[in-house]
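The values are calculated or read from the model by the stated rules, or taken from the named source; none is laboratory data. Nothing here was measured: the structure is a model prediction, and the numbers come from that model. Please note: Cβ atoms are built from the backbone with ideal geometry, for glycine as well, and neighbour counts cover all protein chains shown.
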Amino acid sequence: MFGVPLDAWYVWIGLAIVSSAAFGVVTTLPSAAPPDAAGAARTVDSVAASAYAATGSHPLPNAESVRIGTDSISARGAGGTDHAAFGYGPVVPTIEGSRLHMVLLGEPPSRMFVSPSRFERAIWHARRAEPEWRGSERLTVRRVQWEGIDAVLVG
């Protein structure tokens, strides 16, 4: 008696509009989980908070690219982009193939730099470089101390 008559044209048009809107919402949802920038930032903080030389690594399975700044990290992938700030910093972002990156991978700074002042200068330049998106599957962190210079390298 008070129901909507199913043979009315406006019911079918309304149903079509609602169905199209629901389909549009479902197709715009991401198909994968966003990358875990917060977990990577926790790894950086745990190494940076160490009182001694330390290393750490964090897998980035959902990240297609990563941008590391002196005070934050961003990761983007099929599920979106995630950002997280470091609690300890500033850190030193390294570029693959650089001397600082070799130190990050385990080379002693004394083997890669002729003096502590050159090491300090490389750190200064790395901190002032504009962060760029780079492909990566794993984040590596190393705290290095050499003749009064203390740095947290991230790459």
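In table form, for the structure just shown:
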{"quantity": "Residue within region 120-136 that is touching a Pro at 6+ places or on another chain (Cβ under 8 Å) and touching a residue at least 60 places away in the same chain (Cβ under 8 Å) present", "calculated": "yes"}
{"quantity": "Single residue of GLU64, GLU107, GLU120 found to be surrounded by fewer than 19 Cβ atoms within 10 Å (Cβ to Cβ), over 14 Å from LEU139 (Cα atoms) and touching a strand residue (DSSP E or B) at 6+ places or on another chain (Cβ under 8 Å)", "calculated": "GLU120"}
{"quantity": "Qualifying strands (runs of 3 or more DSSP E) (wholly inside region 78-155; at least 3 residues being farther than 18 Å from ALA48 by Cα)", "calculated": "80-85"}
{"quantity": "Matching residues, region 61-77, being of a type in the set (Val, Ile, Thr) and part of a loop (DSSP other than H, G, I, E, B)", "calculated": "THR70"}
{"quantity": "Output for region 67-98, where each listed residue is within 15 Å of VAL144 (Cα to Cα) and either modelled with pLDDT of 95 or more or buried (at least 17 other Cβ atoms within 10 Å of the Cβ) (or both)", "calculated": "GLY89, VAL91, VAL92, PRO93, THR94"}
{"quantity": "Test: residue in region 123-130 that is closer than 30 Å to ALA33 by Cα and under 14 Å from the mean Cα position of the chain (by Cα)", "calculated": "no"}
